[in-house]
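Trainee: Have a look at this one before I ask anything.
The values are calculated or read from the model by the stated rules, or taken from the named source; none is laboratory data. Note that this is a predicted model, so its numbers are computed, not measured. Don't worry about glycine lacking a Cβ; one is built from the backbone with ideal geometry, like all the others, and counts go over all protein chains shown.
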Amino acid sequence: MDAAATLESWFREQPAAYLHPAIHISHNHEAGGHWRADAAIEAATRLVVVPHSLAFSHLNALVDDAYPIFKQQRVALGVEITGFFYLMLQYLHREKSFWKHYLDALPKPEDQHTTPLWFDDSVDQAWLADTDAAYTARKRREAYLKQYDNGIAVLRKAGIDTSPLTW
């Protein structure tokens, strides 16, 4: 069973979760992760219910006893950084994580990502030169690096091994 089918099976087993019988979680190279219907579905039909307990967010980090640092430092870290680092830590320890099936369905670090977040390639940088996109990309990168550095500093101070979170 592939990761999308495993995630779907896990989701259907969760209390209060619902996925219409004709809807399936799928993945392929062309579309990436997506929903697929294998039968016609009438308009206004409920397709999916995701209970709060299954909605992965920074809020999960605030109540996870394995990582009290996120609750203790929620102001210093902020919502985005908490979510980013909690997701990374869950991914690194996914074999023991409640979120294992979700994490297994995400792109792997070694996968080729198609979002040009950094525009590190000199050809891309030349193409974007003197455009609003170049400025925006540079500012986004600066903001992400600042958030990353702040998160790493807070986690290190708490005694968490951050070596798997660095590159």
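Trainee: With the requirement that a residue be exposed (fewer than 15 other Cβ atoms within 10 Å of the Cβ), aliphatic (A, V, I, L, M) and more than 22 Å from residue 94 (Cβ to Cβ), what does the stretch 1-38 give you?
Mentor: 16, 22, 31, 37 - these are the residues of the stretch 1-38 that are exposed (fewer than 15 other Cβ atoms within 10 Å of the Cβ), aliphatic (A, V, I, L, M) and more than 22 Å from residue 94 (Cβ to Cβ).
Residues checked against (1) closer than 24 Å to residue 111 by Cα; (2) in contact with a Lys or Arg (Cβ under 7 Å, 6 or more places away or on another chain); (3) charged (D, E, K, R):
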residue	(1), (2), (3)
16	no, no, no
30	yes, no, yes
45	no, no, no
59	no, no, no
63	no, no, no
72	no, no, no
92	yes, no, no
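Trainee: Now a separate question. Output the number of the condition that residue 41 fails; it satisfies all remaining conditions of (1) out of contact with any Asp or Glu (no Cβ under 9 Å at 6 or more places or on another chain); (2) more than 22 Å from residue 2 (Cβ to Cβ); (3) surrounded by 15 or more Cβ atoms within 10 Å (Cβ to Cβ); (4) not hydroxyl-bearing (Ser, Thr, Tyr).
Mentor: Result: residue 41 fails condition (3) only.
Trainee: Within the group 44, 61, 39, 66, which residue is free of Cβ contacts under 8 Å to residues at least 60 places away in the same chain, closer than 16 Å to residue 100 by Cα, among the small types (Gly, Ala, Ser) and part of a loop (DSSP other than H, G, I, E, B)?
Mentor: 66
Trainee: On the basis of being touching a Phe, Trp or Tyr at 6+ places or on another chain (Cβ under 7 Å) and either modelled with pLDDT under 95 or not in a helix (DSSP H, G or I) (or both), does residue 112 make the cut?
Mentor: No.
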